[in-house]
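All remarks here apply to the structure that follows.
Readers should treat all values here as calculations from the given coordinates under stated rules, not as data from a laboratory. Quick caveat: nothing in here was measured; it's all calculated off a predicted structure. A quick note on method: Cβ atoms are made from the backbone with ideal geometry, for glycine too, and the neighbour counts reach across all protein chains shown.
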Amino acid sequence: MLSRVAERLYWTARYLERAENTSRLVRVFSNLMLDLPRGVGVNWRQLVDISGAPEQFDSSYRSSGERNVIKFMLSDPDNSGSLITCLSMARENMRTTRDLVPSEGWEHVNELYLYAKKKLAGKNLARDRYELLSDIVMRCQQITGLLAGTMSHGAAYQFVRVGRNLERADMTTRLIDVGSATIIGPGIEQERLENRLWTYVLRSLSAHQMYRQYVRRRVLPNQVLAFLLQDTDFPRAVAHTLGEIASCFNNGLPHNDEPLRAVLRLQRLIAEANINELHAEGLHDFIDNLQLELGKLHQLISASWFSLELDTAV
Amino acid sequence: MEIDWKNYEPGEFYDEMISTPGNPRLASRAVANYLQKLSSKQLGRRQNAADLAITEMGVTFTVYSEGENIDRTWPFDIIPRIIPQQEWSHIEEGLTQRMTALNMFIHDLYNEQNIIKDGIVPEKLIAGSKSFLPQCIGASPRYDTWAHICGSDLVRDSDGIIYVLEDNLRVPSGVSYMIENRGITKRVFPELFRKHRIQPVDDYPSHLFDMLASLSPRPLDYPEIVVMTPGIYNSAYFEHSFLAQQMGVELVEGCDMIVSDDDCVYMKTIDGLQRVDVIYRRVNDEFLDPEAFQSDSMLGVSGLMRAWRAGNVALANAPGAGVADDKVVYTYVPAIIKYYLDQDPIIPNVPSYRCDDKEQRDYVLANMASLVVKPANESGGYGMLVGPHSTAAERKKFASLVKRNPRNYIAQPTLKLSTAPTICGQHVEPRHLDLRPFILQSDRTYVTAGGLTRVALRKGSLVVNSSQGGGSKDTWIVDTRGK
């Protein structure tokens, strides 16, 4: 299989997953802003920080009010992480690999992009936002299901899976960072607020119900953390996504040693984390480190399969 | 739209199916009678079934406009164009003869140039040719064959004779439509295939594969063959991807390959670099190799010409093969056949006037209104003057173009292209058409059974190109012996 094709499939999956996750994030953050009292340290600016592109935001916008932040996150074509950019990139990558993907895959991605483009340019975006974001989440899920159900699970599909899971791990860690970045002092009232915040984090990942089945008690910050980091069954928990990635690597991808070692390292890091201590302090640094490791994993994937040098002749 | 052949009027043109109103030709008789029995509703239903099949099969050509890529379906007419087997065998022989001579000609031009020394073609013909590549001088591709895949355009004039209108030796396209058209007709008229002995066309990809494999520089059971495309925005991308899939080989772009210090070509795969033996390239000469052609092409591979000259990779068609696809060279093809094979051409050329000859030029300038004037090096019907359909201003402009650069122009009488019945809205009317068979040549020659029939859907129009309102028909080679 050609490296270019593998790379484009990987990025198709990453961008689709990122589009879905950005939609989830904005949807849940909008709700959070409506529900939390002022002065608890949650503001629109944080959404920009979570997205990982504060410098880019500051270079194009003067204030970080709702309007600007939403525009930046959803419809700004200059923001490489905005919803519309993700969908357009997914479409471009899919278009150039469509011989390998069931034709409905391309058609759905194309329609999704056209739909989002039209809606985001619409006059009633503020009113329709919730509906639009829910639609995007649903349609991305549809595409993921379509590929899982109609594409042969050979090497091409493994790259789709790797892309999706790596992007998912990235977003879950970012969302955990929302919790960690919100400094809430001691006291019963504060504790209640913090619990509400973590509930939102769970909801944004559609994880609330699964968490309740898993923990069988009310939302407690350290339990949520353990669930989102260490649970191997919930599809958006970091441990699960890493397991998926490792299984892709072992599923017929050649010379996989280095990327596989990086996943094992990440898995160990997660498994050995002391959640109670982390919750008390150091969570942000821990997440930062995780993200760095995920970035390294991407580089190893790229070096092993996408960007070849002359000395790798077989 | 019920069909009654008595009301079908081919006029002064040769019609492929109906000789005179009410009288179908022998090979077409069964189909004509069958169509006449269909009710208007049934006929409409068949056409709808064909349109649906085309959409479902995703048969498209690409039009790039306004920054958006549009895949258009190519109009398809369900009434097949039928050629009797006996006539086709003759054409097949003629095409084989023509390709053999042209390949000898190209090889000679890049090596000894005997044909020039013997005074058959003038030296200035080569000196003035844009398609003669100095980078190819002295090269010796396997079997001395340069043009491996050719799509010659054949037309029939009102005298019933089939002529070669041009030879496409660069990157001819359309063969995928030929195959898909057959698939559609089989879905639409399955009963006709039971009754007729129609030669199949879907074995083309396997012949293409075998031909490409025979070019491999390494004696391997499974040489690494690839189809090289300029990419998704090329109008023939559908065909590139179709052929790669049908042959089971990789569809690559220039950026997927590199030439290493050993002058071998490698493609970048997830398993590492993999040596490539044969490249069926659908990229034009000038974009193949930025190193050899001093271009800033992003479509090519640096060093590709080096690897080809070293004999480490086969390119089909070989670079420089386009030199024989020049309209002025075309006028010499009968002499070329005579020179190399000592035979008379089996399929005639359309009579042509060379504008670099004073006497012929004067004739062209005096008779522009009845002639077709063509530039030597364009394809797709561009830059051409169709005399009878031209304005005085256009003729004046062309006269000055011809005078300024006579080497670059030829002229031909305006042909009365043959017609075939075509469904046009609620009626069946004659429409003009041509035929593009595909010829594969290496140590052996293979000619497709029939080819791609292109039809000008606008009434009276002679332009069959897909980009200019053309459509296509399935082409049947039918055995009529014993009828």
- request: Identify all lysines with a Cα-Cα distance to A:K119 below 30 Å; exclude those on the same chain that are fewer than 8 residues away in sequence.
  value: A:K71
query: Which lysines, on any chain, are close to B:K459 with Cα under 19 Å apart, when same-chain ones fewer than 8 places away are left out?
result: B:K416, B:K473
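To make sure I understand, if each residue's beta carbon is the centre and we count other beta carbons within 10 Å, what order do A:K123, A:K117, B:K374 fall in, fewest to most?
Numbers: A:K123 7, A:K117 16, B:K374 24.
The most exposed by this proxy come first: A:K123, A:K117, B:K374.
If each residue's Cβ is checked for other Cβ atoms within 10 Å, how do A:R4, B:R194, B:R458 rank with the fewest at the top? Intermediate results must be reported in sequence, preceding the final value.
Details: A:R4 19, B:R194 7, B:R458 13.
Lowest to highest Cβ neighbour count: B:R194, B:R458, A:R4.
Using 1/(1 + (r/R0)^6) with R0 = 51 angstrom and r between the beta carbons of B:K403 and B:L341, what's the FRET efficiency to the nearest 0.05?
Numbers: r = 36 Å, r/R0 = 0.71.
The calculated FRET efficiency here is 0.90.
With runs of 4+ DSSP H residues as the only contributors, calculate the mean residue ellipticity of chain A at 222 nm using -39,500 (n - 2.57) per run, divided by the residue total and rounded to the nearest 500. Could you put the intermediate results ahead of the total?
Values: 15 runs with 229 residues, N = 314.
Calculated mean residue ellipticity at 222 nm is -24000 deg cm²/dmol.
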message: As an exercise, identify the chymotrypsin sites (Phe, Trp or Tyr not before Pro) in the range B:358-410 lying in DSSP coil whose Cβ has no more than 14 other Cβ atoms within 10 Å.
response: B:Y382
statement: Contour minus Cα-Cα span, A:L125 to A:S152, at 0.36 nm per residue, comes to 5.9 nm
field: Using a Förster distance of 41 Å, the FRET efficiency for B:E123-B:H389 (Cβ separation, nearest 0.05)
entry: 0.65
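When Cβ neighbours within 10 Å are restricted to other protein chains, what is their mean count per residue of peptide B:239-248?
Values: counts 0, 1, 3, 1, 0, 1, 2, 0, 0, 0.
Per-residue shielding by partner chains comes out at 1.
Taking the DSSP beta bridges in chain B as the whole, what percent of them are antiparallel, to the nearest 5? If you can, show how the numbers build up before the last one.
Details: 52 of 70 bridges.
The antiparallel proportion sits near 75 percent.
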message: Compute, for the range A:1-151, the length of the dipole vector about the Cα centre, with Cβ point charges of +1 (Lys, Arg) and -1 (Asp, Glu) only. Units Debye, rounded to 20.
response: 320 debye
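Loop only per DSSP, at most 13 neighbouring Cβ atoms within 10 Å: give me the GluC sites (Glu not before Pro) in the range A:214-313, ordered by residue number. Spell out each step's value before the answer.
On the way: sites: A:E244, A:E272, A:E277, A:E281, A:E293, A:E309; in loops: A:E272, A:E281, A:E309.
The qualifying sites are A:E272, A:E281, A:E309.
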- prompt: Taking B:K117 as the anchor, which lysines have their alpha carbon closer than 24 Å to its alpha carbon, excluding any fewer than eight residues away along the same chain?
  reply: B:K130, B:K327, B:K338, B:K358
task: List A:L294, A:L100, A:L125 from most exposed to least, where exposure is judged by having the fewest other Cβ atoms within 10 Å.
output: A:L125, A:L294, A:L100
- prompt: Over all residues in B:261-269, what is the mean tally of Cβ atoms on other chains that come within 10 Å of each residue's Cβ?
  reply: 4
Antiparallel %, DSSP beta bridges [both residues in the protein assembly as shown], to 5: 75 percent
Efficiency of FRET from Cβ geometry, A:N274 and A:R217, R₀ 22 Å, rounded to 0.05: 0.60
Part-to-part distance (alpha-carbon centres) for the range B:180-215 and the range B:415-480, which is given in Å: 16 Å
